[in-house]
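Only the coordinates and a few stated rules stand behind these numbers; no lab work does. Remember, it's a predicted structure, so these values are computed and weren't measured experimentally.
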Amino acid sequence: MQSEFDGLRKVRSALSYLVVSQVLLEAGALLLLLFAFFTFNGGVPYLLVGFVVILIAFALYFLSLAKFRSGFKLLRNFYKHLGIGYFGVNLIIIGYVLILLVILYDVSAVTSPTSKTYVMSPLNPQLVLPLSFYLANILVALIPALGNILLMLGVYRIGNTYDEINVRVGGLLIIVGFILSMAEIPIWIYGNLVAPNIILPITIIVVSLFAINSVLFFIGVSFVYQGLSKILRK
């Protein structure tokens, strides 16, 4: 029979996969950015390698989710309040399924001539999509973000349960980072739809929030991993 420490090991293992996937995801995004700069001058290798790296990153990410889910499912048998981590993982998975469905809806909305109108100006005709298009994208994007917060709240509760300060601090840092990442979505949409004339400052704000989120994430995961290791050595 598996013990609570098996659950903790699975959570710690999930963190390892999560960190590697995040590093690969950011590396892949950088390669795609390089492709954008060198599109007309040998940029195709950056595109191909970038896509491969991102695919590997997503594979590792979903593997980490599977390990988180298995670990928290086991831990909730010993401590009911840790079930929030299990619920958070399930919410993330549901969110990504809904994102796939919304992507199909997005393609339909953009390609269907009856679902959109154009605001014409002499120099810049602008595509205007129905409000439901934007609402669906915002709501669905927030579901995995909320799931991540609940997952890390479960990690924080592990710190409380085993009285390990590193796990508590690390969990809180990651939660703050995820909250900042949720703020990126409405800010970016506001800049694109309501205030396109200030899109540069909006972009700087969004990129800054992303950078802060990344720093908090890596520091937080480091704290949590160290804390879990201490618990498992006791």
Residue-by-residue Karplus 3J(HN,Hα) for the range 174-183, coefficients 6.51, -1.76, 1.60, Hz, glycine and proline x: 5, 4, 4, x, 5, 5, 5, 5, 5, 5
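Using 20 Å as the Cα-Cα cut-off, could you pick out the over-long pairs in 80/230; 10/230; 10/80?
Working: 80/230 22 Å; 10/230 15 Å; 10/80 17 Å.
Beyond 20 Å: 80/230.
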Whole-Hz ³J(HN,Hα) from phi, Karplus 6.51 cos²θ - 1.76 cosθ + 1.60, for the range 146-155, glycine and proline x: 5, x, 5, 5, 5, 4, 6, 5, x, 4
Cα-based reach from residue 234 at 16 Å (exclusive), listing aspartates and glutamates while leaving out same-chain residues under 8 positions away: 4, 6, 163, 164
